Each structure stands twice: as structure tokens, then as C-alpha cells.
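The structure appears right after this line, and notes come after that.
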Amino acid sequence: MALNFVAHRSYIVWAASNVVVMAVFLGFMASGWPGSPDPCIHYETTGNNTIVQVKPDECYCEAFDFAEVLDNVGGVRQPVNTWSNMYSVVTSFIIAMVVSHDRQRGGDFNIISSHNPIADLYVFVSLFLGLGSMFFHASLKTGLAWVDGCSMFFFVCFLDCYTLRRIWKSDLGFWCSYIISVVTCTLLASLVRWPPILMLLIILSVVVYIVLEIIIWRRTRCLLIGTLRSRLLWGCSVACIALGEVFWGLSQTGALLCRPTSWFQPHGLLWHTLAGATAILLFFYWREENRHKYR
């Protein structure tokens, strides 16, 4: 009975996480979004305490009603950029399904395929990567923008700490390093009043990940787990995030692909979904570790 519970635990994590995160989101959506407008909206308070927008916003192109942001109205400010993040419900479910399948087959050849709770954590991480972004695009409020940043740190810090766990065989070390790194990055991004800080922290995390992969390569003499499939999966994940970054840049307000009133918003439809593709491709990449020994 206990083994059956563990085998299906990934589904429970997926379902519970969906219920909790979406309940909070829908609660704000129904009652209104608290806080002041995000810095991507350029505004100032006049002498008679009237708030006015002083120049075009930089909120990732999609048009919205500034008055609704000021009045803490419920609903969603940027529908396409918000609801496009629902891709993560599908990607995280696929990960939960494969983890459960591997567990039922007794797959203990690597951490991500095993009964280890770290695999269940990644189900949540891949889900929150999308759902966390919804809070920012739906509200455009400073007080909730940190949720978007936190969801990205949940992902990039997992990237580092999971790779470190492949080197240093300590679950306690993983959980301590993961919690500390996520909390530290989220606090820095929230408290430091310097716009590039979030991107700088993400770039730093990616650099740390690359260094850790090089260490594994030097130790094992196997580049990227050592199989053709693993290298293809890793290469496709890099291609997805690189292409996503291109669309992220081209869809900025005023950039080449920016059409504020169009249904086609590359930031949501391409950047968000390509980031999700990167997350699921990395899962299948990690799943390849030691698998060839059991074929």
C-alpha cells in the first residue's frame, strides 16, 4: 500500500499544487489585485494626488487598461501573456506521469526516476514555472511581481542544486542548498532596487550550472551523460531557451514583433511555452542518466 502511494505521489503533488496555486490566483482575480503598479508602468503622482502615466509602459507589449491597474480591479490585465502560462499544467502532468511510470517499474537508476521526493519537487517546479508568471501578467502589480521572479528561481536553482546532487550524493545537501538559494535569490530580486538584478541572478545560476556539468564531465569522462539521446535532449533544451530569449527580446514593448492589441503575443505564446519546453526536455535529459546500464 505504501509503495503504491509513493508510486503515485507525483500525481498527488501535481493535483494539490494545481489546486492551491490556482485557488490563490482565482481568489485575487475575483476580489482584485492589491499593491502599487509595477515599475514597468511609468507613472507619477501630481500635486492633487492624481496618478498619471507619463510615458509608454514596458510591460511586455500586450495592451492593458491603466485605470484598472490603479483601481485594483479583479480580472486579468494581459489575457494572452497570462493564460499562455497554462502550458505548465500539461508539461508538469507529463513529468508526473513519467515519474509514476518509472517508479512502478522500480526505476532507481537515477534520482529523477526514483522514489526520491526530489523528483516530486520537480513536478511542482515545472508547474510553478508557468503558474507563477500568471500573477504578474494578470495584475501588473509590484506586490505580486515577486511571484513571477520566484517561479523562475525555483527552476534555475533546481537546475544548479540537482546537478550538484549528481556530484555530491547527499539529499540533505540538496534540500539545504535549494531552499537557501531560492530564498536568497527571491529576496535579492525583491529588495534590491536595480532592474537588471533578476536577469543577473538567472545568468549567474546558468553559469553555475554549466560549471557543474563540466565537473561531472571531467569526473566521469562522459559528456552530457554520454549517450546520443541525452546529448540530443540537452541540445534541444538549449535551442528552446535560446530561441525563447530571441522572442523575449523581439516582443518587448516597441520591438519588432510587438503588436499591443493583437491576439498574437510572442512573449506569452512563444517565450513562455519555449521555457516550458526547456523544463520538460531537461527532465528527460536527467532521466537518461545510468539508464543505458539497464537496457
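Observations on the structure shown:
- For segment 281-288, the count of residues that are more than 21 Å from the chain's Cα centre (by Cα) and without any contact (Cβ under 8 Å) to a residue 24 or more places away in the chain is zero.
- Filter pass, L172 being at positive phi and part of a helix (DSSP H, G or I): no
- Every pair of residues 6+ apart whose Cβ atoms lie under 6 Å, when the first sits in segment 180-192 and is in contact (Cβ under 8 Å) with a residue 40 or more places away in the chain while the second is part of a helix (DSSP H, G or I) and of a type in the set (A, V, I, L, M): A189/I197; A189/L198
- Residues considered: F154, F109. Of these, the only one that is in a helix (DSSP H, G or I), open to solvent by 10 Å² or more (accessible area, probe 1.4 Å) and either over 16 Å from C59 (Cβ atoms) or among the charged types (D, E, K, R) (or both) is F154.
Listed here are the residues, each with its yes/no results for (1) at pLDDT 90 or above; (2) surrounded by fewer than 16 Cβ atoms within 10 Å (Cβ to Cβ); (3) among the hydroxyl-bearing types (S, T, Y); (4) within 25 Å of G254 (Cβ to Cβ).
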position: F5; (1), (2), (3), (4): no, yes, no, no
position: V13; (1), (2), (3), (4): yes, no, no, no
position: N18; (1), (2), (3), (4): yes, no, no, no
position: Y43; (1), (2), (3), (4): no, no, yes, yes
position: G47; (1), (2), (3), (4): no, yes, no, no
position: V52; (1), (2), (3), (4): no, yes, no, yes
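- Just one of (1) in contact with a strand residue (DSSP E or B) (Cβ under 9 Å, 6 or more places away or on another chain); (2) within 16 Å of A96 (Cα to Cα) fails for Y122. It is (1).
- Complete set of residues in segment 122-151 that are without any contact (Cβ under 8 Å) to a residue 60 or more places away in the chain and open to solvent by 10 Å² or more (accessible area, probe 1.4 Å): W146, V147, D148, C150
- Restricted to segment 187-295, the set of helices (runs of 4 or more DSSP H) holding at least 2 residues that are at pLDDT below 95 and open to solvent by less than 60 Å² (accessible area, probe 1.4 Å) comprises 197-220, 228-250.
- Some residue of segment 67-75 being touching a residue at least 12 places away in the same chain (Cβ under 8 Å), assigned to a helix (DSSP H, G or I) and open to solvent by less than 30 Å² (accessible area, probe 1.4 Å): yes
The values are calculated or read from the model by the stated rules, or taken from the named source; none is laboratory data. Because the structure is predicted, anything quoted here is derived from the model rather than measured. Because the Cβ atoms are built from the backbone with ideal geometry, glycine has one as well, and the counts that use them run over all protein chains shown. Protein only, heavy atoms only, side chains kept; ligands, DNA and RNA dropped before computing areas. Shrake-Rupley method; radii C 1.70, N 1.55, O 1.52, S 1.80 Å.
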